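Here is the structure we will look at, set down as C-alpha cells.
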Amino acid sequence: MSLRLLAALPFIGILIGVPFVNRTEPLVLGMPLVLAWIVMWVVLTAAIMGLVYKLDPANRDVQDAQGEVRP
C-alpha cells in the first residue's frame with residue numbers, strides 16, 4: 001500500500017463517510033453516530049500518521065562509523 005494512499009485514508013473517511021452516517025441513532029458511547037464517526041477518525045488519523053512516519057524511508061536512522069545514531 002502506498003504511503004500516500006495510507007495518508008489519504010483519514011481525508012476519505014471523513015469526507016465520504018460522514019454523509020452515510022449522518023443520523024442521530026444509534027448512540028455510540030453516548031454520542032450520536034455521526035459524532036462518534038468523526039471522533040473515531042480523529043483518533044485513527046493520529047495512528048495512521050504515526051504509521052506513515054514509521055514506514056517512510058526518509059525517516060530511517062543512519063548509524064555513522066562511531067555507532068552514533070543520526071537522523
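The values are calculated or read from the model by the stated rules, or taken from the named source; none is laboratory data. Nothing here was measured: the structure is a model prediction, and the numbers come from that model. Neighbour counts run over all protein chains shown; Cβ positions are idealised from the backbone, glycine included.
Residues in the stretch 6-45 that are within 25 Å of Asp56 (Cα to Cα) and in contact with a helix residue (DSSP H, G or I) (Cβ under 7 Å, 6 or more places away or on another chain): Leu6, Ala7, Leu9, Pro10, Gly13, Ile14, Trp41, Leu44, Thr45. Condition (residue is at pLDDT below 90, aromatic (Phe, Trp, Tyr), outside any loop (DSSP other than H, G, I, E, B) and surrounded by 10 or more Cβ atoms within 10 Å (Cβ to Cβ)) applied to the stretch 33-52: is it met by at least one residue? No: zero hits. Please indicate, with yes or no, whether at least one residue in the stretch 56-65 is at pLDDT 85 or above and assigned to a helix (DSSP H, G or I). Among the residues of the stretch 56-65, not one is at pLDDT 85 or above and assigned to a helix (DSSP H, G or I), which makes the answer no. Cβ-Cβ distances below 7 Å connect the following pairs, each with a first residue in the stretch 33-54 that is closer than 13 Å to Ala8 by Cα, a second residue that is among the β-branched types (Val, Ile, Thr) and surrounded by 15 or more Cβ atoms within 10 Å (Cβ to Cβ), and a separation of six or more residues or different chains: Trp41/Ile14. Sort out which residues of the stretch 10-32 are farther than 20 Å from Thr45 by Cα and exposed (fewer than 11 other Cβ atoms within 10 Å of the Cβ), and write them in order of number. Across the stretch 10-32, the qualifying residues are Arg23, Thr24, Glu25, Pro26, Gly30. Does Pro19 meet the test of being more than 19 Å from the chain's Cα centre (by Cα), at pLDDT 85 or above and in a helix (DSSP H, G or I)? Answer is yes for this residue.
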